[in-house]
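Okay, structure first, notes after.
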Amino acid sequence: MADLQMPGSLAGAASIEIHTRQGWRLVYSRRSDGSPSPMTGLLRFAARMNSIWAAAQADDPFADWFLEKTYHAIETARMEIGDMHRMLATHFQHGKKGVNVEMAASSTPVSVPLQFSTPYGFMGAYLVSECDALIRACYTCRHVGLISNAKNEQNIRRSMRMVLRAFELQREYRFHGVTREDARAANAKWNRAVEEMGSPPPEIVAGRRPRVSPYIGDDASEAERVEEAEATAD
């Protein structure tokens, strides 16, 4: 038994393939000429979510509140972009009258490696990927005469706004180092945070966690002990 060796920690690899210039901008927060843009792209969004995730791990209810708002914003954007894509697919299927048309794709798509510390980085990547696919569909439908130039531009602007709205929510978060204990005490630190960011929903302050959230403090090691105990029982 002394010679038995446990497996090392899990590791994996992920990437996103980008076909459109708009999708590239949504990843890198860059203008078409490569210069920095004030917009919050995927990589900037994922980096900023790291601090909110860490604060949620320290029992900050404001961080949990922003995680929940970001989760719902991403899911809402994905649903709306999905609806737009399905509408275009209907045009594509019924409008070309037996003509075989392939979806437009970049001759040199960009593969971006994804190395994120929180699930929210990957959730943002799914959103960017779906927006990139929608934009490809828009350009294809416009090119073959299924939608107008105006409709094409409207769809692209709308889809990009939804992505950026989800990515920019976290810019309103300010770290104050508060915990739910500060909320119960209603101390000066808590009151300063409320004054700057508003009041989190009472149920979050009381302990409700977002659907996608980290373990709090020692809960992570406790969860590992529970998993180990369950595996031993099996």
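The values are calculated or read from the model by the stated rules, or taken from the named source; none is laboratory data. Keep in mind it's a predicted model, so treat the numbers as computed, not measured. Every residue, glycine among them, receives a Cβ derived from its backbone with ideal geometry; neighbour counts consider all protein chains shown. Just the protein is used for accessible areas: all its heavy atoms, side chains included, with ligands, DNA and RNA removed. Shrake-Rupley method; radii C 1.70, N 1.55, O 1.52, S 1.80 Å.
Some notes on this structure:
- Search result, residues across region 82-131 that are under 17 Å from TRP24 (Cα atoms) and hydrophobic (A, V, I, L, M, F, W, C): ALA104, ALA105, VAL110, VAL112, LEU114, PHE122, MET123, ALA125, LEU127, VAL128, CYS131
- Filtered residues of region 169-211 (kept if among the acidic types (Asp, Glu) and modelled with pLDDT under 95): GLU172
- The residues listed here are SER213, SER199, SER148, SER129; of these, the one that is among the hydroxyl-bearing types (Ser, Thr, Tyr), closer than 28 Å to VAL101 by Cα and within 25 Å of the chain's Cα centre (by Cα) is SER129.
- Filter result for the condition that a residue is open to solvent by less than 50 Å² (accessible area, probe 1.4 Å) and under 19 Å from the mean Cα position of the chain (by Cα), over GLU68, GLU75: GLU68
- Of the listed requirements (1) open to solvent by 90 Å² or more (accessible area, probe 1.4 Å); (2) in contact with a helix residue (DSSP H, G or I) (Cβ under 9 Å, 6 or more places away or on another chain), ALA13 misses just one: (2).
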